[in-house]
Amino acid sequence: MISREWPLVLFTLLGQSAAGLAFFYLLPLYSPAARAALPQLRALRLGAALGILLLAAAAAVVSLGHLGRMPRAPRSLANLGTSWLSREIAALVLFLIAAAALAFGELRDVEASIRAALAGLTTTAGGIFVYTMARLYMLKTVPEWNTAATPAAFFSSAAVLGAVLASVVLRTGHPRFRTQLPVVALTVMGLVYLEMFLFTPRFGLLARKEASPAFKPDPRLPSIFAVRMLLFALAILVWGISILKPEAAGPAAWAALALLLGSEILGRRLFYSIPRNL
C-alpha cells in the first residue's frame with residue numbers, strides 16, 4: 001500500500017467506526033426500553049458521546065493528510081453544490097457538532113427528551129457522513145467503484161465495526177447488554193461476511209471482474225483477498241467463542257476485534273488498488 005493511502009485508510013476506519021458506534025451504541029442507550037435504567041446508564045451514555053466525538057475528531061484530523069496544504073482545508077467546503085468531497089467534509093462537521101452537543105447535554109444533564117433528540121441527530125449525521133464518504137468514490141472513471149457495492153461496503157464496515165466496538169464496551173457496562181448486543185454483533189458479522197463474499201469488487205462471487213487490457217492486475221491481490229476473508233472468518237469464530245464461554249469473553253472479544261481490524265485494513269488495500277490495476 002503506497003504511503004499516501006494511509007491517511008485514507010485511517011480516515012475511513014475512524015469515521016466508519018464513529019458512525020457505527022452512533023447506531024449500535026447510542027440507540028440501545030436511548031431506546032424506550034432503557035428509560036427504566038436511566039440513572040445506571042448515565043455514565044455509559046456520556047462515554048458513548050465522548051467516544052464517538054473522539055473518533056470523529058480523530059478522523060477529521062487525519063483527513064487533513066489527504067486534503068493537500070493545510071491553508072487550503074477551509075476551501076474544501078466551497079463546492080457543496082457539485083463536490084462530494086465538500087459534502088463529505090460538511091457531513092463530518094455536522095457529525096462532530098451533533099456528537100459534541102450530545103456530550104454537552106449529558107454533562108449538563110439536560111432534559112431526557114432533548115438528549116434523546118441529540119442522540120437521534122448524531123446517529124443520522126453519522127449515516128449521512130458514511131453515505132457522502134462512499135459517494136466520493138463512485139467515479140465513472142473507475143467502473144468497479146461506480147456501483148451500489150461501494151456504499152454497501154462502506155455501510156457494512158461501519159455496521160460491523162460499530163457493532164463489535166459497542167459490544168466490547170457495553171457487555172461489561174450493564175447486565176442488559178451482556179447477551180443481546182454480542183449476538184446482534186455476531187449476526188452483523190455474518191451478514192457482512194456474506195456481502196464481502198458476494199460483492200467485493202473483482203473478487204466477489206457476483207462482482208464485476210473484467211479489467212482493462214491496458215493494465216496488468218497485481219498478482220498479489222487474490223492472496224490478499226483470501227487472507228482478508230480468513231481473518232474475518234476467524235474473527236467470527238473467536239467472537240462466537242466469547243459468547244459461548246463467558247469466562248473468556250473479555251480476551252476473546254478483544255482478539256476478535258483485532259482480527260476484524262486486520263481484515264478491514266486488508267480490505268482497504270484491495271479497494272485502493274483497483275484504480276491502479278484495472
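The table below gives the values:
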| read-out | value |
| --- | --- |
| Among (1) crowded, with 18+ Cβ neighbours inside 10 Å; (2) of a type in the set (A, V, I, L, M, F, W, C); (3) touching a Phe, Trp or Tyr at 6+ places or on another chain (Cβ under 7 Å), the one test that ALA152 misses | (1) |
| Count - residues of the range 146-170 that are outside any helix (DSSP H, G or I) and in contact (Cβ under 8 Å) with a residue 24 or more places away in the chain | 1 |
| Any chance ALA235 is surrounded by 15 or more Cβ atoms within 10 Å (Cβ to Cβ) and modelled with pLDDT of 90 or more | yes |
| Filter pass, LEU102 being at pLDDT below 85, closer than 30 Å to ALA116 by Cβ and assigned by TED's automatic domain parsing to the domain that holds VAL130 | no |
| Options ALA103, ALA119; residue that is part of a helix (DSSP H, G or I) and either hydroxyl-bearing (Ser, Thr, Tyr) or under 30 Å from ALA252 (Cβ atoms) (or both) | ALA119 |
| Unmet requirement for ASP218, which otherwise passes all of (1) surrounded by fewer than 18 Cβ atoms within 10 Å (Cβ to Cβ); (2) of a type in the set (D, E, K, R); (3) in contact with a helix residue (DSSP H, G or I) (Cβ under 7 Å, 6 or more places away or on another chain); (4) closer than 22 Å to LEU186 by Cβ | (4) |
| Condition check for LEU260: surrounded by fewer than 21 Cβ atoms within 10 Å (Cβ to Cβ), at pLDDT 95 or above, under 20 Å from the mean Cα position of the chain (by Cα) and part of a helix (DSSP H, G or I) | no |
| Filtered residues of the range 45-59 (kept if among the hydrophobic types (A, V, I, L, M, F, W, C) and surrounded by fewer than 19 Cβ atoms within 10 Å (Cβ to Cβ)) | LEU46, LEU50, LEU54, ALA57, ALA58 |
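The values are calculated or read from the model by the stated rules, or taken from the named source; none is laboratory data. Here the structure is a predicted model, which means the values were calculated and not measured. Neighbour counts run over all protein chains shown; Cβ positions are idealised from the backbone, glycine included.
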